[in-house]
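Can you keep this structure in mind? I'll have questions shortly.
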Amino acid sequence: MEQITIFDSMPDNSGKMIPLASRLRPQKLEDFIGQEHLLGQGKMLRQLIEKDQISSMIFWGPPGVGKTTLAGIIAERTKADFINFSAVTSGIKEIKEVMNQADLSRRMGVRTVLFVDEIHRFNKAQQDAFLPFVEKGSILLIGATTENPSFEINAALLSRCKVFVLKALEENDLIHLLHNALQNPAGFAGQRIEIKEEQLKAIAVFANGDARMALNTLEMAVLNGEITPEGSIVVTDEGLSQCINRKSLMYDKAGEEHYNIISALHKSMRNSDPDAAIYWMCRMLEGGENPLYIARRLIRFASEDIGMADSNALTVAVNAYQACHFLGMPECDVHLTHAVTYLAMAPKSNALYMACERCKDDVMNKVAEPVPLQLRNAPTKLMKELDYGAGYQYAHNTEEKITDMECFPESMRGTRYYFPTGQGDEAEVRDRLDEILEWKRGEREE
């Protein structure tokens, strides 16, 4: 079975109705820009491509860094059959048809390289359909994904693929790419384009490591440029500003970047860095995150990382959640900033978190002891006859408002979970707890 691929026919130099990014897609390794850690002289991926010795692999990286372009270069160089497959439009039926054809080609001594763009969009059943053919060598699988393969690719399939991590392009790489677009016959070489170096830099910064975005922005700026009587096209600052007035931040509310940034926010607050914390919070909001999700994470942080060192932190976090609920975006951003700053600057203690974790471990791994009789309620005559509540000491009846009554099961007597720190208000809590424990020891010894 033969499928038409995006690599079968490249656009001609006229570039009619074809985006600039597509017209300038490199066909040779020598023309590829960026990813020197993979494609520099002597690097593994370059050698595999040049020697036509590729194995099954996954290209993982953000949009516009060359994943599909690398697949196209491999398609041009390999002596194997090359099939392009879209995870968006193909199902299990199409997969099996291609696999059966690849199996037949293998028996005839012909390799098949299958490129799957956006492989993370395939569900488990679809990915499983590839597995037996990858195992027996009927196909060499090349997958491209913007999502972390550890989360999105079946473990069995992933273990048979080499993962190559592609990085966002550097600013200098993008500027070089833009200069090439102005000089390349497939780009704007046939036109007189007047664009300043600082304008090219502005486009590179706006593109945020994405070559496709950089080229699309340049094309838009040129198309909206002013035409002089001499026929030149002048890219003005005003026209360019309209093309780059809003950056599309990389942020997937369900993917790895979501967890990366919320982790950065949490750890910045833990490290008492309000500026970094505000930055990561704004990154999430600008990426479209629900402010209530951020507020919920702040509530968790207030007890996990601050706790008794400043119990007001929990109040501030809950109030921020309520403010976000009442107002929504964009007005609630300042309330989140208020809470993030407060939490970042508050004294830190993870004593409550550690107490909870120690206790959960005991609950899960130790025998579930019965409640001691003195702690049981006795609402009925039978319960009283069974000594429910016998020996209970009512703390309010004492001058100290505490008693030496044991509240643990006998086998757990003396267990400690909570160890307060000397941070903030928790220093007073620590001193108070030390006094209580010392008093109880004295009473029990007597």
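The values are calculated or read from the model by the stated rules, or taken from the named source; none is laboratory data. These figures come from a predicted structure and were not determined experimentally. With ideal geometry, Cβ positions are generated from the backbone for all residues, glycine too; neighbour counts draw on all protein chains shown. Each accessible area value is taken on the protein alone, full model and side chains, heavy atoms only, with ligands, DNA and RNA left out. Shrake-Rupley method; radii C 1.70, N 1.55, O 1.52, S 1.80 Å.
Test T415 against the criterion of being polar (S, T, N, Q), surrounded by 10 or more Cβ atoms within 10 Å (Cβ to Cβ) and farther than 24 Å from V429 by Cβ, and give yes or no.
On the way: polar (S, T, N, Q): yes; surrounded by 10 or more Cβ atoms within 10 Å (Cβ to Cβ): yes; farther than 24 Å from V429 by Cβ: no.
No, not satisfied.
Here's a follow-up. Looking only at segment 174-192, which residues are in contact (Cβ under 8 Å) with a residue 60 or more places away in the chain, buried (at least 20 other Cβ atoms within 10 Å of the Cβ) and in a helix (DSSP H, G or I)?
L177, A181, listed by residue number.
Right, something else. Can you tell me which residue among E170, E147 is open to solvent by 50 Å² or more (accessible area, probe 1.4 Å) and farther than 30 Å from M108 by Cβ?
Working: E147 fails: open to solvent by 50 Å² or more (accessible area, probe 1.4 Å).
Checking each option against the conditions leaves just E170.
Sticking with this one: Could you identify the single residue in L386, L382, L437 that is at pLDDT 90 or above and on the phi < 0 side of the Ramachandran plot? Can you show your working first?
Values: L386 fails: at pLDDT 90 or above; L382 fails: at pLDDT 90 or above.
Testing whether each residue is at pLDDT 90 or above and on the phi < 0 side of the Ramachandran plot leaves just L437.
Quick one: would you say E399 is of a type in the set (D, E) and over 51 Å from the mean Cα position of the chain (by Cα)? Lay out the reasoning, then the answer.
Working: of a type in the set (D, E): yes; over 51 Å from the mean Cα position of the chain (by Cα): yes.
Yes: the conditions hold for E399.
Still on this model: Condition first: within 36 Å of the chain's Cα centre (by Cα) and of a type in the set (G, A, S). Now tell me which residues in segment 221-243 satisfy that.
Within segment 221-243, A221, G239, S241 qualify.
So, one more: So Y279 clears everything in (1) within 26 Å of E426 (Cα to Cα); (2) open to solvent by 20 Å² or more (accessible area, probe 1.4 Å) except one condition, right? Which one?
Going through the list (1) within 26 Å of E426 (Cα to Cα); (2) open to solvent by 20 Å² or more (accessible area, probe 1.4 Å), Y279 breaks only (1).
Given I195, I233, which one is buried (at least 19 other Cβ atoms within 10 Å of the Cβ), over 16 Å from F32 (Cα atoms), modelled with pLDDT of 90 or more and among the aliphatic types (A, V, I, L, M)? I'd like the intermediate steps shown before the answer.
On the way: I233 fails: buried (at least 19 other Cβ atoms within 10 Å of the Cβ).
So the residue among I195, I233 that is buried (at least 19 other Cβ atoms within 10 Å of the Cβ), over 16 Å from F32 (Cα atoms), modelled with pLDDT of 90 or more and among the aliphatic types (A, V, I, L, M) is I195.
Given the condition over 30 Å from A277 (Cα atoms) and in a helix (DSSP H, G or I), answer yes or no: does some residue in segment 413-431 qualify? So that I can check it myself, show each step before the final result.
Pass one, segment 413-431, residues over 30 Å from A277 (Cα atoms): 413-417, 431.
Filter once more, keeping what is in a helix (DSSP H, G or I): 431.
Yes, the conditions are met somewhere in segment 413-431.
Please find, within segment 392-402, the residue that is farthest from I306 (Cα to Cα) out of those that are part of a loop (DSSP other than H, G, I, E, B) and open to solvent by less than 50 Å² (accessible area, probe 1.4 Å).
Here is the first cut: in segment 392-402, the ones part of a loop (DSSP other than H, G, I, E, B) are 392-394, 398-402.
Now narrow it down to the ones that are open to solvent by less than 50 Å² (accessible area, probe 1.4 Å): 398, 402.
Working: T398: 33, I402: 27 Å.
It comes out as T398.
Here is a yes/no grid of residues against (1) farther than 30 Å from L265 by Cα; (2) out of contact with any Leu (no Cβ under 7 Å at 6 or more places or on another chain); (3) among the charged types (D, E, K, R):
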| residue | (1), (2), (3) |
| --- | --- |
| D361 | no, yes, yes |
| P372 | yes, yes, no |
| R376 | yes, yes, yes |
| Y394 | yes, yes, no |
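Enumerate the helices (runs of 4 or more DSSP H) found wholly within segment 323-391, keeping only those where 3 or more residues are open to solvent by 70 Å² or more (accessible area, probe 1.4 Å) and over 30 Å from A427 (Cα atoms). Talk me through it step by step, then tell me what you get.
On the way: elements: 333-345, 351-365, 381-385.
In segment 323-391, the matching helices (runs of 4 or more DSSP H) lie at 381-385.
What number goes with the only condition from (1) open to solvent by 30 Å² or more (accessible area, probe 1.4 Å); (2) modelled with pLDDT of 95 or more; (3) in contact with a helix residue (DSSP H, G or I) (Cβ under 8 Å, 6 or more places away or on another chain); (4) not hydrophobic (A, V, I, L, M, F, W, C) that D305 does not pass?
Going through (1) open to solvent by 30 Å² or more (accessible area, probe 1.4 Å); (2) modelled with pLDDT of 95 or more; (3) in contact with a helix residue (DSSP H, G or I) (Cβ under 8 Å, 6 or more places away or on another chain); (4) not hydrophobic (A, V, I, L, M, F, W, C) one by one, D305 breaks only (1).
Does at least one position in segment 310-318 carry a residue that is open to solvent by less than 20 Å² (accessible area, probe 1.4 Å), under 24 Å from Y418 (Cβ atoms) and within 25 Å of the chain's Cα centre (by Cα)?
yes
While we're on this one: I'm told M405 meets every condition in (1) under 28 Å from S303 (Cα atoms); (2) open to solvent by less than 40 Å² (accessible area, probe 1.4 Å); (3) of a type outside the set (D, E, K, R); (4) in a loop (DSSP other than H, G, I, E, B) except one. Can you identify the failing condition by its number?
(1)
How about segment 150-167: which of its residues are open to solvent by 30 Å² or more (accessible area, probe 1.4 Å) and among the hydrophobic types (A, V, I, L, M, F, W, C)?
Within segment 150-167, F151, A155, A156, L158, V163, V165 meet the criteria.
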